[in-house]
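Asker: Next up is a structure, given as structure tokens.
The numbers here are math on the coordinates, done by the rules we state, and not lab data. Everything numeric in this text was worked out from a predicted model, so none of it was measured. Cβ atoms come from the backbone with ideal geometry, glycine included; neighbour counts cover every protein chain shown.
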Amino acid sequence: MKVSDAYGPQQVQVSNQKDTAAAKEAEERRRQEQQDQVARQGDRVEISTASREVARAKEATTGAAETRADKVAEIKAQLDEGRYEVDARKVADRMLQDVMKDLV
């Protein structure tokens with residue numbers, strides 16, 4: 001009678017179960033360490049260049065609407081009183097500047 005044959009396959013099976021359990025524990029520890037590392041770093045948000053430019057443009061135009069409303073009210077008052085005059089030379093110069101910008 002061979003004693004080693006009688007217990008050999010069972011010992012291998014027990015050994016494989018221990019290896020599997022150890023691997024699962026190691027994986028769980030690794031996952032927990034990653035979660036802890038993320039928790040220590042805190043939340044992060046990265047904003048693209050385009051969204052930063054949109055935010056800057058929004059900030060720039062926020063005060064402009066109020067300024068423009070004042071200017072519109074002033075021009076309306078001048079029109080109502082008949083004292084609003086258009087400087088044709090300024091209009092033409094501005095139109096040429098805009099065309100030149102588009103060409104360049």
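Asker: Label-point separation (nm) for V45 and A21, each offset 7 Å from Cα along Cα-to-Cβ?
Answerer: A separation of 4.7 nm, rounded to one decimal place.
Asker: Under the 0.36 nm per residue contour assumption, what length would be gained going from the current alpha-carbon distance of R29 and D87 to full extension? Provide the component values of the computation, followed by the final result.
Answerer: Values: separation 58, 0.36 × 58 = 20.88 nm, distance 7.74 nm.
Contour length minus Cα-Cα distance gives 13.1 nm.
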